[in-house]
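Only one structure is covered here, and it is reproduced in the block below.
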Amino acid sequence: MPNAEFQPVGRTTRPKVRDALRRRIGAAVAPGGDPRALLKSLQLTAEEAEAARSGNDAG
């Protein structure tokens, strides 16, 4: 599996993304749900958490 990408389990921001996924997954897979929107929102959540973490590291 040379192209496999794994969850960033070592990152301190992982719990925030995991919790967001748990809260939103049902709506994404429900009839009329939008999995693409879920993935996009999770990406934004991860980026925001990483930015906040990086900002805290700088101070």
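The values are calculated or read from the model by the stated rules, or taken from the named source; none is laboratory data. This one's a predicted model, so the numbers in the text were calculated from it and none came from an experiment. Glycine also receives a Cβ, built like all others from the backbone with ideal geometry; neighbour counts cover every protein chain displayed. Only protein heavy atoms, including side chains, enter the accessible area calculation; ligands, DNA and RNA are left aside. Shrake-Rupley method; radii C 1.70, N 1.55, O 1.52, S 1.80 Å.
222 nm [θ] for the chain, helices only, -39500 (n - 2.57) per DSSP H run of 4+, per residue, to 500? Walk me through the numbers before you get to the answer.
Values: 2 runs with 40 residues, N = 59.
It lands at -23500 deg cm²/dmol.
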- Task: Could you provide, to the nearest whole Å², the per residue accessible area of the range 1-55 with probe 1.4 Å?
- Result: 80 Å²
- What's the angle, to the nearest 10 degrees (0 to 90), between helix 35-58's Cα axis and the longest principal axis of the chain? 10 degrees
- Query: If each of Ala30 and Gln43 carries a label point 7 Å out from its Cα toward its Cβ, how far apart are those two points in nm?
  - Reply: 2.4 nm
- Message: Over 10 Å intervals from 0, what percent of Cα-Cα pairs in the chain sits in each interval?
- Response: 21, 43, 28, 7, 1
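Can you send over the carbon and sulfur percentage of the accessible area for the chain, probe radius 1.4 Å, protein chains only? All intermediate terms of the calculation are to be shown ahead of the outcome.
Details: 2670 of 4840 Å².
Within the chain, the accessible surface is 55 percent carbon and sulfur.
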- For the Cα atoms of the chain, what angle does the longest principal axis make with the long axis of helix 14-29, in degrees from 0 to 90, nearest 10? 10 degrees
